[in-house]
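Chemist: Could you have a look at this structure, given as structure tokens, before my questions?
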Amino acid sequence: MSTSNPVNLLDFDVDGLVAWFAGLGEKPFRARQVMRWMHHEGCDDFDAMTDVAKSLRAKLKEIAVIRPPVPVRDSISIDGTRKWLLDVGNANAVETVFIPETNRGTLCVSSQAGCALDCAFCSTGKQGFNRNLSAAEIIGQLWLANKLLGAARGDPNEQAADLEAGEKDNGRIISNVVMMGMGEPLANFDNVVTALRLMLDDHAYGLSRRRVTVSTSGIVPAMDRLRDECPVALAVSLHASNDALRDRLVPINQKYPLRELMAACQRYLERAPRDFVTFEYVMLDGVNDSDAHARELVALVRDVPCKFNLIPFNPFPNSGFLRSPAERIRRFAGILIDAGIVTTTRKTRGDDVDAACGQLAGQVQDKTRRVVRLKQEMEIRR
Ligand code: SAH
Ligand code: SF4
């Protein structure tokens, strides 16, 4: 008989699982063995863990589960971008997006259902905050995507197919993870760090710190903690060149203004795996996209080694903003580039499946309709 409230083993990083196993009187190597089954092989069935002692398997079946979030929709864009809508209970849904590129595959992972920070141009912010995702729900997005993309090592036929298709980055279909889905990762610090540790650990996903990126709207004390506890590549959502404008676009700026944010970026770089911060900058027509704004930005980031990633605004109903014209974005980029700042403009991917930045909540915005729709979809899948 299994317990009614089993422990989800996807909630543990390696140290956590070792400690939990110790509580069962089991040795650390057993925990690492189970880790590898779960995360290398994509295994969610204790019976299949053939080199784990039968008595331990029986015990685990009684008290534990390996339970990733449940996908309720799987959409593939004509450009190959794939988006999963995941049910996280109580009619909440989050999204995970896989973006294949020539030399890499990037998974965009969500950290919260909704977001409390209410940035003016973000549809996730507009739906308000529902709840933090658990570590299992965060790492479960990578677990699930690996499995659904045929990248988990469990299936030898899929492995062969991957080889034929020309594997990417030493066999990894997902070579990079960006915490740029729904939610503010640093507002769900502990669960996000547990998931990050699993992404980095060789017993789980073994990604390099340089290939795992946390994107934050600028929660300064949490940036310092991340630097101390689990430094990975950092992206900061800047979006404005002065405090008056940023106060309006990214309200957390009222608490941690630009001078503090720039100082936090400098402190982060002391221990970061990359020697620059990526500043994300959404291009909003007539709001933050003038030549004067670009020049003000150059002065603002003078002491912070950085790159800029300009994101053409992705519209959603009643946003009140428009995307800057392509020519304006080019001129804006030109000013940054002329000042010696590496600047790229993000290609909009997955438009046809609403998978672009800031659109992720588009389908689930209306809470009442969302409940009905989700239920219907889940019934269809049953
Ligand atoms: N909460 C984190 C990470 C998630 S959002 C953060 O804010 O950094 C990922 C990126 O998409 C952020 O830079 C965010 O500001 C941007 N974004 C949000 N809404 C957008 C929209 N409608 N169009 C383009 N980019 C958007
Ligand atoms: Fe939250 Fe990021 Fe959206 Fe701001 S941009 S509301 S921090 S998800």
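Chemist: For the chain, with all protein chains present and a 1.4 Å probe, just round the carbon and sulfur fraction of the accessible area to a whole percent.
Modeler: About 49 percent, which is the carbon plus sulfur part of the accessible surface.
Chemist: Can you tell me the dipole magnitude for region 174-295 around its Cα centre, using point charges on the Cβ only (Lys, Arg +1; Asp, Glu -1), in Debye to the nearest 20?
Modeler: Roughly 200 debye for region 174-295.
Chemist: Separate question: Taking the Cα centre as origin and putting +1 on Lys and Arg beta-carbons and -1 on Asp and Glu beta-carbons, what dipole magnitude results for the chain, to the nearest 20 debye? Could you put the intermediate results ahead of the total?
Modeler: On the way: 49 positive and 49 negative charges, 52 e Å.
Magnitude of the dipole: close to 240 debye.
Chemist: Restricting to DSSP H runs of at least four residues, report the calculated mean residue ellipticity at 222 nm for the chain, -39500 (n - 2.57) per run over all residues, nearest 500 deg cm²/dmol.
Modeler: Only helices count here, giving -11000 deg cm²/dmol.
Chemist: What percent of all Cα-Cα pairs in region 7-65 falls in each 5 Å bin, counting up from 0?
Modeler: The distribution over region 7-65 is 4, 20, 36, 32, 8, 0, given as percents.
Chemist: Cβ neighbours within 10 Å, averaged per peptide: list 315-324, 227-236, 33-42 in order, most packed at the top.
Modeler: 33-42, 227-236, 315-324
Chemist: Pick out which of 29, 98, 121 has the largest mean-square fluctuation in a Gaussian network model of the chain, springs linking Cα atoms closer than 10 Å.
Modeler: 29
Chemist: Another question about this same structure. How large is the accessible surface per residue of region 244-321, computed with a 1.4 Å probe and reported in Å² as a whole number?
Modeler: 45 Å²
Chemist: Still on this structure, I have one more. Please go through the residue pairs 126/255; 61/147; 59/83 and name each one whose alpha carbons sit more than 27 Å apart in this structure.
Modeler: 59/83
Chemist: Residue 307 versus residue 8, label points 7 Å from Cα toward the beta carbon: distance in nm?
Modeler: Using points 7 Å along Cα→Cβ, the separation is 3.3 nm.
Chemist: Along the positive direction of the dipole of the chain (beta-carbon charges: Lys, Arg +1; Asp, Glu -1; about the Cα centre), which of 173, 334, 193 reaches farthest?
Modeler: Farthest towards the positive end: 193.
Chemist: Which of the trypsin sites (Lys or Arg not before Pro) across region 277-317 are loop residues per DSSP, with 12 or fewer other Cβ within 10 Å? Walk me through the intermediate numbers first.
Modeler: Details: sites: 295, 302, 307; in loops: 302.
Those satisfying the criteria are 302.
Chemist: Could you give the C-alpha radius of gyration of the chain expressed as a fraction of 2.2 N^0.38 Å, taking N as the number of residues it contains?
Modeler: Working it through for the chain, the quotient is 1.01.
Chemist: Before I look further, what does region 7-65 give for accessible area per residue, probe 1.4 Å, in whole square angstrom? Don't jump to the answer; show the numbers that get you there.
Modeler: Working: 2680 Å² over 59 residues.
Per-residue value: 45 Å².
The values are calculated or read from the model by the stated rules, or taken from the named source; none is laboratory data. Here the structure is a predicted model, which is why all the values come from computation and not from measurement. Don't worry about glycine lacking a Cβ; one is built from the backbone with ideal geometry, like all the others, and counts go over all protein chains shown. Only protein heavy atoms, including side chains, enter the accessible area calculation; ligands, DNA and RNA are left aside. Shrake-Rupley method; radii C 1.70, N 1.55, O 1.52, S 1.80 Å.
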